[in-house]
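Below is one structure; the comments refer to it alone.
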Amino acid sequence: MTPLLDWTYSPYVALFFAFSKSDKATESPNPYRAIYVLNKSFVADEDLCPGIRMFEPRKDDHGRLVSQAGLFTFSPYDSTIENKITDILSSEEFGDDELRNADSESEPSILAKYICKIYVRNQGQSDCIKHLRRMNVHHASLFPDLLGAADYCNVAISEATAQQSPVTPEAELDLAPVLPAELIPNFTRVLLDASRLPGIKDLLLIPTESREMEPGRIDQLAEELEQVLKDGKQIDWVERDTLKAGMLSKTRILLRNLGYPLPARDFILENILKVGEPEEQAP
């Protein structure tokens with residue numbers, strides 16, 4: 001039990017916590033989830049808003065506050081935060097009489113300047129979590145400890161299990177990776193032979209994290225990386241470190257700009273220059 005209530009500067013972190021858990025089977029159907037927005041400047045001013053204190057720790061031993069862009073309010077004992085703010089705005093001591101003179105239809109828009117509740121349709125919970133994960137907002141990044149890593153793995157396992165379905169031998173061939181299966185689990189520690197990489201798209205699809213991306217985004221990234229290699233691989237590129245460094249730099253920028261999963265980027269950078277090159281010519 002604590003009087004501290006968690007807040008975040010990031011709307012995406014707030015959206016994660018609103019959608020991180022699936023609806024329970026025992027709950028009544030609810031068409032919405034909600035995010036609260038608080039006017040920090042108003043609440044943090046003790047002269048304007050007495051009774052609600054803002055607390056921003058200067059030390060974070062666990063890394064969660066930094067990752068979550070977190071801060072706290074110290075809640076009043078005798079009232080909810082929204083009721084407390086309403087009482088302050090309605091009191092004779094408050095300098096602005098806008099709320100006191102407002103009619104019932106205008107009151108919500110006035111209160112929304114200080115605290116408001118945003119309703120988000122409770123649809124596509126898993127899709128919402130996947131989109132946030134592409135923005136690096138997930139359990140592992142927000143909880144940089146063993147519990148966060150475990151929750152991240154649990155979500156990944158649950159998604160993989162839900163997607164499993166019987167496939168025909170033909171479908172298995174279509175989905176088969178370019179590399180032998182025994183290399184896939186350790187892809188981040190394997191330097192690939194050029195002879196095993198028919199194309200850039202094949203390379204991009206090797207890391208399991210690439211499944212988080214939309215197929216169209218993978219195709220776009222492969223096309224732009226192909227142009228980078230085409231422009232950079234001049235006759236003597238193997239011997240010129242500046243050309244190789246330039247191609248890797250452009251590759252790094254494209255991976256970042258097009259949202260390729262961060263954990264797999266080093267793997268791509270280690271192997272991208274080998275694509276399309278005979279094994280004996282690969283640097």
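The values are calculated or read from the model by the stated rules, or taken from the named source; none is laboratory data. As the structure is a prediction and not an experimental result, all values here were calculated from the model. Cβ placement follows ideal geometry from the backbone for every residue including glycine, while neighbour counts extend to all protein chains displayed.
Hey, could you check the range 60-72 for residues that are out of contact with any strand residue (DSSP E or B) (no Cβ under 6 Å at 6 or more places or on another chain) and surrounded by 13 or more Cβ atoms within 10 Å (Cβ to Cβ) and say which is nearest to Asp96 (Cα to Cα)? So the residue we want is Leu65. Scanning the range 124-147 for residues that are over 15 Å from Ala14 (Cα atoms), free of Cβ contacts under 8 Å to residues at least 60 places away in the same chain and not acidic (Asp, Glu) yields Gly124, Ala140, Leu146, Leu147. Would you check if there is a residue in the range 41-59 being among the aliphatic types (A, V, I, L, M), modelled with pLDDT of 90 or more, under 21 Å from the mean Cα position of the chain (by Cα) and surrounded by 14 or more Cβ atoms within 10 Å (Cβ to Cβ)? Checked against the condition, which is being among the aliphatic types (A, V, I, L, M), modelled with pLDDT of 90 or more, under 21 Å from the mean Cα position of the chain (by Cα) and surrounded by 14 or more Cβ atoms within 10 Å (Cβ to Cβ), the range 41-59 yields no hits at all. Filtered by the rule that a residue be surrounded by 14 or more Cβ atoms within 10 Å (Cβ to Cβ) and more than 29 Å from Arg133 (Cβ to Cβ), the range 230-264 gives Gly232, Lys233, Trp237, Val238, Leu243, Lys244, Gly246. The criterion of being surrounded by fewer than 16 Cβ atoms within 10 Å (Cβ to Cβ) and among the aromatic types (Phe, Trp, Tyr) holds for Phe94.
Please indicate, with yes or no, whether at least one residue in the range 14-24 is in a loop (DSSP other than H, G, I, E, B) and crowded, with 16+ Cβ neighbours inside 10 Å. Yes, the range 14-24 contains at least one residue that is in a loop (DSSP other than H, G, I, E, B) and crowded, with 16+ Cβ neighbours inside 10 Å.
All conditions but one from (1) at pLDDT below 90; (2) charged (D, E, K, R); (3) surrounded by 13 or more Cβ atoms within 10 Å (Cβ to Cβ) apply to Asp6; the one that does not is (1).
The single residue among Ser141, Ser165, Ser158, Ser195 that is among the polar types (S, T, N, Q) and either at pLDDT 85 or above or surrounded by 14 or more Cβ atoms within 10 Å (Cβ to Cβ) (or both) turns out to be Ser141.
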